[in-house]
């Protein structure tokens, strides 16, 4: 088993109004990753992923494509101390 990690991610591009958050939640749930995702006023999407390192890395990789209608131009990642979220939610 790998260590639990937390990644704080900012996704740029056409990522709002294209079901990016809903698709992110579904992907996170399928991988057993916890955390949250939300839209930002500047058009980006912000997300936190917590879980096993391999699963979190898979989520970060997924963010580069995202939902089928998204056009991702950049994904920035900062690693932080896990806060042990119990589920994955869409924040508004």
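What is the residue count in segment 30-83 for residues that are assigned to a strand (DSSP E or B) and on the phi > 0 side of the Ramachandran plot?
Matching residues across segment 30-83 total 2.
Let's see how each residue does on (1) surrounded by 19 or more Cβ atoms within 10 Å (Cβ to Cβ); (2) farther than 20 Å from residue 86 by Cβ; (3) without any contact (Cβ under 8 Å) to a residue 40 or more places away in the chain; (4) in contact with a helix residue (DSSP H, G or I) (Cβ under 7 Å, 6 or more places away or on another chain):
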position	(1), (2), (3), (4)
8	no, no, no, no
18	no, yes, no, no
22	no, no, no, no
28	yes, no, no, yes
40	no, yes, yes, no
43	no, yes, yes, no
49	yes, no, no, yes
59	yes, no, no, yes
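No lab work stands behind these numbers, since they all come straight from the coordinates. Quick caveat: nothing in here was measured; it's all calculated off a predicted structure. Cβ atoms come from the backbone with ideal geometry, glycine included; neighbour counts cover every protein chain shown.
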